[in-house]
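One structure below.
The values are calculated or read from the model by the stated rules, or taken from the named source; none is laboratory data. These numbers were taken from a predicted model, which means no experiment stands behind them. Here the Cβ positions follow ideal geometry from the backbone for every residue, glycine too, while neighbour counts run over all protein chains shown. All accessible areas refer to the heavy atoms of the entire protein, side chains included, with ligands and DNA or RNA removed. Shrake-Rupley method; radii C 1.70, N 1.55, O 1.52, S 1.80 Å.
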Amino acid sequence: MRQVKIFDTTLRDGEQSPGCSMNLSEKIILARQLDKLGVDIIEAGFAIASPMDFKSVQAIANSVTNCVVASLARANKMDIDSAWEAVKSAKKPRIHLFIATSDVHMKYKLRMTREQVLETITEMTAYAKSKCADIEFSAEDASRSDRAFLAQAFTNAIAAGATTINVPDTVGYSTPQEMGELISYLREHVEGIEGVDISVHCHNDLGMGVANSLACVKAGATQVECTINGIGERAGNASLEEIVMALRTRKDFYDADTKIETRQIYKSSKLLSNIIGVPISPTKPIVGANAFAHEAGIHQHGVITNVQTYEIMNPDEIGVPHRALVLGKHSGKHALRERLEAMGYEINDEELEDIFTRFKKLADQKKTITSSDLEALTLHNSKVVQENAPDNVGPVCQLVSHAVNSGSGVPKISYVKIKRDEDILEDIAIGAGPLDSAFKAINHMLGVNARLEDFSVRAVTDGEDSIGEAVVKISSDGEMYTGSGISTDIIEASLQAYISGINKLFEEGK
């Protein structure tokens, strides 16, 4: 059975999606989780894009142990030099260079002739190869390129040293049949293709990103480029979890599989959602809340009789936690650690202390603690963020206490007390509502000019005493920061989220 490589571009293409930006410590946390997930290649970023992008690619290269770490580069020496400097410390570095090959891109974006593009491919691939043994070449907008010209472009790249050629459906225009036929055509017409990996990178503009990717695998592609939860430019990329489980579930059809540790899929999906503050749709395949839920009586009866009547995958295989009520306020650290490890979380003693403290507080507020509660506590573990933050930078502010006054016909007044490093700060403000006044108090005492751009709150567990998760997006000096917080008190969760966002603002020195 063929093994298909998984190239994860959540940290590059995924992060380019509006509202999905991450700071350095969050990127490192996610990269380490991708390493545990077992992806073959992590595209850590576009090193030349900014000093922060370079720093994050370099930090990820130094943080993962098993994956190839790649940086994207345009087909010019400056980009390639920057990419190499960022990834050269990785155990397995890769330079991923690209240039467009469709007529519309060459004419209106590159303003280059076909001959100039072919010359650039040969020259720049060879230049990248002089620095790094592992070179991936992408023909941007390949699915809308002239096939004969595209085949020549890939032939040139392979002759100059490319070890992987990538066939992107950059604007999500193609169909599964067309993509499959394109891969077959290239396998027949590209010289040297039998000695390299054939990769595909499909966008989801027409909702066919996953279908197109799978059609390419069926036609002989050996690498798929995708993202956790399908995040990415415009309508997103092909979804990693859907591709992996489609290949795993339908081995009989595709005769292919991946080396992904599928029990880490759900955890990876939830971690990303928590970091970027974008909830997972309930009907999202594989990881959505309804993916393994059955409400219709006929379905329930069938599942009770034989689970295979309506479930084609085992939720345990994906790492979906059982919703059993297993812990309470009398439970100890050993039981907590055992349950978390059974859910797939690896935690050290210091992290356990942090989670256990908040677990005990939550247990005083709730009768029983579910796996979903534990998941929320673990994903909001401040110790993990601190350990992965840049030197001398971490969550510097913590909510100590608060009081709000709200009602009809009375001033909306909030009192907030915060611990910043070792200092205790407190302030009172009046606003249009309890949160508006509380956020004003926080801004004033911390001396920041943050503006609330978006706010949401939702229940992350079941029942009337469920945990609420608040997500805020704040802006300052044109930059956007996402913060999140959890509590059975939605006001407290909202203040935690706002302070979380400000901590990220401080981390980046704004």
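Can you name the residue in region 66-89 that is outside any strand (DSSP E or B) and within 18 Å of T10 (Cα to Cα) and is also most open to solvent (accessible area, probe 1.4 Å) among such residues? Of everything passing the filter in region 66-89, N66 is most open to solvent (accessible area, probe 1.4 Å).
Can you confirm whether A211 is of a type in the set (A, V, I, L, M, F, W, C) and within 23 Å of K284 (Cα to Cα)?
So A211 fits the description; yes.
If you go through region 405-419 and keep only what is surrounded by fewer than 17 Cβ atoms within 10 Å (Cβ to Cβ) and assigned to a strand (DSSP E or B), you end up with N405, Y415, K417, K419.
Residues in region 274-326 that are closer than 24 Å to A470 by Cα and either at pLDDT below 70 or among the basic types (K, R) (or both): 4 in all. Scanning region 2-37 for residues that are open to solvent by 10 Å² or more (accessible area, probe 1.4 Å) and either hydroxyl-bearing (S, T, Y) or at positive phi (or both) yields S17, G19, S21. Residue-level check: of (1) under 22 Å from Q152 (Cβ atoms); (2) open to solvent by 20 Å² or more (accessible area, probe 1.4 Å); (3) touching a Lys or Arg at 6+ places or on another chain (Cβ under 6 Å), K107 misses just (3). Only residues that are in a loop (DSSP other than H, G, I, E, B), under 15 Å from E508 (Cα atoms) and not hydroxyl-bearing (S, T, Y) were counted in region 17-44, giving 2.
When region 41-92 is examined, which residues are found to be touching a Cys at 6+ places or on another chain (Cβ under 8 Å) and among the aromatic types (F, W, Y)? Listed by number, the list holds a single entry, W84. Looking across region 355-374, just one residue is of a type in the set (K, R), out of contact with any helix residue (DSSP H, G or I) (no Cβ under 8 Å at 6 or more places or on another chain) and in a loop (DSSP other than H, G, I, E, B), and that is K367.
Residue under question is S138, and the condition is that it be hydroxyl-bearing (S, T, Y) and over 18 Å from I80 (Cβ atoms); does it hold? When the stated conditions are applied, S138 does not pass them.
Determine, yes or no, whether K107 is in contact (Cβ under 8 Å) with a residue 12 or more places away in the chain and not aliphatic (A, V, I, L, M). No. The set of residues from region 169-222 being over 19 Å from S102 (Cβ atoms) and touching a His at 6+ places or on another chain (Cβ under 9 Å) comprises just one member, S213. A count restricted to region 173-185 and to residues that are buried (at least 23 other Cβ atoms within 10 Å of the Cβ) and not polar (S, T, N, Q) stands at 2.
All told, S56 falls short of being within 20 Å of T125 (Cβ to Cβ) and among the hydroxyl-bearing types (S, T, Y).
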